[in-house]
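A.B. asks: Structure incoming, see below.
The values are calculated or read from the model by the stated rules, or taken from the named source; none is laboratory data. Computed from a prediction, not measured in an experiment: that's the story for all the values here. Glycine also receives a Cβ, built like all others from the backbone with ideal geometry; neighbour counts cover every protein chain displayed. For the accessible areas, the whole protein counts, side chains as well, though only heavy atoms, and no ligand, DNA or RNA atoms are used. Shrake-Rupley method; radii C 1.70, N 1.55, O 1.52, S 1.80 Å.
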Amino acid sequence: MRDLLGGKGANVAEMTRILGPERVPAGFTITTEACVAYMAAGGEEPSGLEEEIAEALARLEELSGKRLGDPEDPLLVSVRSGARESMPGMLDTVLNLGLNDRSVRGLAGRTSTERFAWDSYRRFVQMFANVVRGVPGARFEREIAEIKNARGVRSDTELDVGALRELTGRFTRLFGEETGEDFPQEPREQLRQAVRAVFDSWLGERAVAYRRINRIPDEWGTAVNVQQMVFGNKGESSGSGVAFSRDELTGAPGPSGDFLPNAQGEDVVSGVRNTRDISELAGAMPEAHRELMKILKTLERHYGDMQDVEFTVEDGRLYMLQTRNAKRPAQAAVRFAVDAVAEKLLSREQALLTIDAGGLEALLHRTFDPGLAYAPLTRGVGASPGAAKGFIVFTAAEAIVAEERRREARRGIRRTDHEALARFDAENPGVVLVRPFTEADDVGGFHAARGILTSEGGKASHAALVARGMGRPCVCGASELEIDLEARVVRCGGEELAAGELIAIDGSSGDVTRDDVALVEPRITPEFEAVLSWSDELRTLGVRANADTPRDAQRARDFGAEGIGLCRTEHMFLAADRQPKMRAMILAEADEDRRAALAALLPLQREDFEGLFAAMEERPVTIRLLDPPLHEFLPARLEVQHEVERARVEQSDDLAELERLLERVSALEETNPMLGTRGCRLGILQPEIYEMQVSAIAQAVRAVRERTGEPPLVEIMIPLVDYEQELDIMRALVVRVAGAEGLEEGEDYTVGTMIELPRACCVADRIAHHADFFSFGTNDLTQTALGFSRDDVEGKFLAAYLERKIVGRSPFETIDEPGVGQLLRMGAWLGRKTKPNLKLGICGEHGGDPESIEFFQHSGLNYVSCSPFRVPVARVAAAQSAVRAAGSAL
Ligand code: PEP
Ligand code: MG
């Protein structure tokens, strides 16, 4: 019932059934529906809520034998949020609710530890004021610091009863000053306000940011869990902790986790106090440790998934506060899946479905080059795998601004100029967010940063959890670092690094260095290999890669691509040795000049294709003839204009040539080049280019066939077709030229087309008459169906659209099912109406997106094609789609 009760509420109820009521503190859950009603009413409690809470509370009082606010023996409760999907650290919690000036004395009497009672009360006032009424936390910290100073003690735990009483007094006064009200003494009023605060936190800035990043709908709302308090801060035989049923970083068998003796849960997760390893619990509280280990196994078996629990030990007795499926980095997800099958905990199908396919790309994250030495600056806790390097920033806001600037500058580079893009990426690695510890408000900065480095906290700290959730490399608790946020420097062992300097972190080993280390591509582990091979057995969709160079093709094969679904040949014209030839071809006035320039390009093209065929061996290679408009191969008009002006002033020799260049650039200039003379339109106006490309392909086929005896499987693809006549003409060109080179249609190659324009989807039945295959170009199809410029939308209005919830995700990342998706389905259906066995693929960016892959599976496509790094993701996502489609998971 997690939709209604939230994850925490549903699991606490379930856990009570499995483990028995003596292990789980009693409580009740206010549903997500109540939160939705509260939001719909503009922040008013729905009618009937108050009465229902009163009833539930009465039952809880009866079960516990205590009453809320009882001056003798008060019931105390925690009030915690719990959405359908866990949102660690994003929503609010209030502990020890029910304390007031009278019941604190009752608590002191009952527990015979006065200090504990006053410590609980001051924590409650502090948390309530901060969480429920928004009094800044720093104000309380200042009071604590003052009182510690006055009493000459260093840590909170040294404050005696008198000090804590005084502190509580100061806190309630502070509450009065800040809110203009007395601290509420009536526990029911405390509860009412706390419930409202949890509802309100759903709409808080940080929760909204988290949901946007993690694609959690705003409409879900959060449930509120009210649960009887148990106390981990009652002395040395008490404590609180978090535990995972297996290692949360690697997935290795054997529980892991952290705990703190004599502490409440918040102390553990905040990352402010240094926690102890769960294995040490065995020595400190052996009975509780033994029980906990047993319970972790029971829960894992029950849920069929790795668990992440919170527990409290009160006077040696173990209580389970919550359990949930563990969020885990990709390597742990893979390890768990493989072990779970070996242990017969899950079937292969079930195990596959526990993996977040999209997150697997993290396994293909780079690492420090193991062959190169670097000087480590320090070492922290490897908290989220992968290596990252970038310029130091100290705040989330700086990270966001820097990343936005970097992207803006990158957008200025031509999409097709791969070399310039690679150079830019090498010179602008992005930023690493460096902070003592992170808080919920830093989440946006995580997204913008390449990696996160903190000097405090461990594997369960906020920084670690959020970084793992987002697949960002993270090193935590690098305690030798002195991070001076005011001076904006990091000091370490006599060295000093300022904002903007380069730093590199390895989120697996915990290493930190200021060397400009090379990051290298990863290897696929045997466990990952196992998951991929099950995927290949279970999936029905083919997976190919988009690759333009032999190097990319090789990488695609290493990652398991079954062929090349898209070779964008324009890349081949942009290399430094080709651009001048391409330019000469475009600038040629006489036919023979143009032919000469093309003849110079031909051997280079042939070599490219030979390299691709050799890399792919017997696998199919889809080669797309030139697509972008010709002006993309020429310099920008303004640039040339400046050059012409300079040449005029200097009366230099190159004036005539520059003027001709300017004239040609101006002639080729179009107002909307993306809707201009590109794709097959270019092929129709300037057939010589396509002729040269087809000759080069045909010669390469022959050369490889002669050399290896194996004919390559070539599919020649025509881009941007609108009318069946276009394909008819282009096909005739291909057949004629390839025929002249001795190749036979259907035997040595096939001819197909991109379907990437709305009209093509509508007339796919006619186009299919001339096509051996279709490959949906969902990038252009999205651009033209929505009328969104693919090159501008990100920098312009997409953010506003996401914010206003007009779209949930960028339609260029996840296929827009109702619009673009339906066009694709119509195209697929019409195409197969003409040719029932027509081969259908997709080669837009969506081919590597798990959600879109599921849609393509249901749309009857034969294969997806994506960038080489997404190939493993696509293999697993395709298998998951097949398993779900077959309904055989359970
Ligand atoms: C497409 O449009 O989806 C496609 C794959 O081609 P390109 O991105 O090169 O336009
Ligand atoms: Mg396209």
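A.B. asks: Is it the case that segment 790-810 has a residue that's more than 16 Å from ligand 1 (Cβ to nearest atom), in a loop (DSSP other than H, G, I, E, B) and within 25 Å of residue 729 (Cα to Cα)? Before you say what the answer is, go through the steps one by one.
C.D. replies: Our first condition is that a residue be more than 16 Å from ligand 1 (Cβ to nearest atom); within segment 790-810, this holds for 795-809.
Narrowing the set further to residues that are in a loop (DSSP other than H, G, I, E, B) leaves 795-797, 804-809.
Filter once more, keeping what is within 25 Å of residue 729 (Cα to Cα): none.
No; the residues of segment 790-810 include none that is more than 16 Å from ligand 1 (Cβ to nearest atom), in a loop (DSSP other than H, G, I, E, B) and within 25 Å of residue 729 (Cα to Cα).
A.B. asks: Separate question: Contact list please: Cβ distance under 6 Å, first residue in segment 418-434 and in contact (Cβ under 8 Å) with a residue 24 or more places away in the chain, second residue in a helix (DSSP H, G or I), pairs at least six apart or on different chains.
C.D. replies: Note: pairs meeting the criteria are 418/571; 431/399; 431/402; 433/399; 433/445.
A.B. asks: Right, something else. Can you tell me which residues in segment 838-872 are hydrophobic (A, V, I, L, M, F, W, C), farther than 19 Å from residue 559 by Cα and in contact with a strand residue (DSSP E or B) (Cβ under 6 Å, 6 or more places away or on another chain)?
C.D. replies: First pass over segment 838-872, keeping only residues hydrophobic (A, V, I, L, M, F, W, C): 838, 840, 842-843, 853, 855-856, 861, 864, 866, 869, 871.
Filter once more, keeping what is farther than 19 Å from residue 559 by Cα: 838, 840, 855-856, 861.
Hits for segment 838-872 are 840, 856, 861.
A.B. asks: What number goes with the only condition from (1) more than 16 Å from ligand 2 (Cβ to nearest atom); (2) open to solvent by less than 10 Å² (accessible area, probe 1.4 Å); (3) of a type in the set (Val, Ile, Thr) that residue 718 does not pass?
C.D. replies: Just one mismatch for residue 718, condition (1).
A.B. asks: I would also like to ask the following. Just checking: which of the strands (runs of 3 or more DSSP E) contained wholly in segment 440-549 hold 1 or more residues that are more than 19 Å from residue 389 (Cβ to Cβ), among the hydrophobic types (A, V, I, L, M, F, W, C) and open to solvent by less than 40 Å² (accessible area, probe 1.4 Å)?
C.D. replies: 542-546
A.B. asks: Okay, moving on. Quick check on my filter: what residues within segment 138-168 are assigned to a helix (DSSP H, G or I), over 19 Å from residue 263 (Cα atoms), open to solvent by 20 Å² or more (accessible area, probe 1.4 Å) and not basic (Lys, Arg)?
C.D. replies: 138, 143, 145, 146, 149, 150, 162, 166
A.B. asks: Name the residues in segment 100-117 that are open to solvent by 20 Å² or more (accessible area, probe 1.4 Å) and in a helix (DSSP H, G or I), would you? Walk me through how you get there before you give the answer.
C.D. replies: First, pick out the residues of segment 100-117 that are open to solvent by 20 Å² or more (accessible area, probe 1.4 Å): 101-102, 105, 109-115.
Hits for segment 100-117 are 105, 109, 110, 111, 114, 115.
A.B. asks: Further question: Return the only residue of 639, 741 being at pLDDT below 90 and either away from ligand 2 (no atom under 16 Å from the Cβ) or of a type in the set (A, V, I, L, M, F, W, C) (or both).
C.D. replies: 639
A.B. asks: Follow-up question, since we're still on this one. From the list 689, 697, exactly one residue is open to solvent by less than 40 Å² (accessible area, probe 1.4 Å) and farther than 30 Å from residue 788 by Cβ. Which is it?
C.D. replies: Going through 689, 697 in turn, the sole match is 697.
A.B. asks: Restricting attention to segment 762-785, which residues are within 13 Å of ligand 1 (Cβ to nearest atom) and more than 30 Å from residue 709 (Cβ to Cβ)? Break it down into steps so the answer makes sense when it comes.
C.D. replies: In the first step, residues of segment 762-785 are kept if they are within 13 Å of ligand 1 (Cβ to nearest atom); the result is 774-785.
Passing the criteria: 774, 776, 777, 778, 779, 780, 781, 782, 783, 784, 785.
A.B. asks: In segment 614-701, which helices (runs of 4 or more DSSP H) lie fully inside it and hold 2 or more residues that are within 16 Å of ligand 1 (Cβ to nearest atom)? Explain how you work it out, then say what you get.
C.D. replies: Details: elements: 637-650, 655-668, 680-685.
Correct list: 680-685.
A.B. asks: Taking residue 608, is it open to solvent by 50 Å² or more (accessible area, probe 1.4 Å) and either more than 16 Å from ligand 2 (Cβ to nearest atom) or modelled with pLDDT under 95 (or both)?
C.D. replies: In short, no.
A.B. asks: For segment 328-338, which residues satisfy the criterion of being in contact with a strand residue (DSSP E or B) (Cβ under 7 Å, 6 or more places away or on another chain) and either under 16 Å from residue 299 (Cβ atoms) or of a type in the set (Val, Ile, Thr) (or both)? Let's see the steps before the verdict.
C.D. replies: Let us first name the residues in segment 328-338 that are in contact with a strand residue (DSSP E or B) (Cβ under 7 Å, 6 or more places away or on another chain), namely 329, 336.
Listed by number, the list holds a single entry, 336.
A.B. asks: Residue 556: closer than 26 Å to residue 521 by Cβ and away from ligand 2 (no atom under 16 Å from the Cβ), yes or no? Show your work before the answer.
C.D. replies: On the way: closer than 26 Å to residue 521 by Cβ: yes; away from ligand 2 (no atom under 16 Å from the Cβ): yes.
Yes.
A.B. asks: While we're looking at this one, here's another question. Checking the structure you have, find out if any residue of segment 703-724 is in a loop (DSSP other than H, G, I, E, B), among the hydrophobic types (A, V, I, L, M, F, W, C) and over 30 Å from residue 762 (Cβ atoms).
C.D. replies: Kept after step one, since they are in a loop (DSSP other than H, G, I, E, B), are these residues of segment 703-724: 709-712, 719-723.
Okay, now just the ones that are also among the hydrophobic types (A, V, I, L, M, F, W, C), so 720-721.
Right, trim to over 30 Å from residue 762 (Cβ atoms) and you get none.
No, the conditions are met nowhere in segment 703-724.
A.B. asks: Can you give me the number of residues within segment 8-29 that are open to solvent by 10 Å² or more (accessible area, probe 1.4 Å) and not in a loop (DSSP other than H, G, I, E, B)?
C.D. replies: Qualifying residue count for the region: 13.
A.B. asks: Let me ask something else. Return the residue satisfying two criteria in turn: it lies in segment 845-854 and is open to solvent by less than 10 Å² (accessible area, probe 1.4 Å) and under 8 Å from residue 815 (Cβ atoms), and of such residues it is farthest from ligand 2 (Cβ to nearest atom).
C.D. replies: Of all residues in segment 845-854, those open to solvent by less than 10 Å² (accessible area, probe 1.4 Å) come to 846-848, 852-853.
Now narrow it down to the ones that are under 8 Å from residue 815 (Cβ atoms): 846, 852.
Working: 846: 12, 852: 16 Å.
This residue is 852.
A.B. asks: I'd like to verify a number: residues in segment 173-182 that are open to solvent by less than 40 Å² (accessible area, probe 1.4 Å) and in contact with a Phe, Trp or Tyr (Cβ under 9 Å, 6 or more places away or on another chain), how many? Steps first, answer last, please.
C.D. replies: First pass over segment 173-182, keeping only residues open to solvent by less than 40 Å² (accessible area, probe 1.4 Å): 174-176, 179.
Now narrow it down to the ones that are in contact with a Phe, Trp or Tyr (Cβ under 9 Å, 6 or more places away or on another chain): 174-176.
Going through segment 173-182 one residue at a time, the tally reaches 3.
A.B. asks: Same structure, new question: Can you give me the number of residues within segment 762-789 that are away from ligand 2 (no atom under 13 Å from the Cβ), in a helix (DSSP H, G or I) and more than 22 Å from residue 832 (Cα to Cα)?
C.D. replies: Selection size over segment 762-789: 1.
A.B. asks: Going by what's in this entry, would residue 402 be described as in contact (Cβ under 8 Å) with a residue 40 or more places away in the chain, small (Gly, Ala, Ser) and open to solvent by 10 Å² or more (accessible area, probe 1.4 Å)? Can you show your working first?
C.D. replies: Working: in contact (Cβ under 8 Å) with a residue 40 or more places away in the chain: yes; small (Gly, Ala, Ser): yes; open to solvent by 10 Å² or more (accessible area, probe 1.4 Å): yes.
So residue 402 fits the description; yes.
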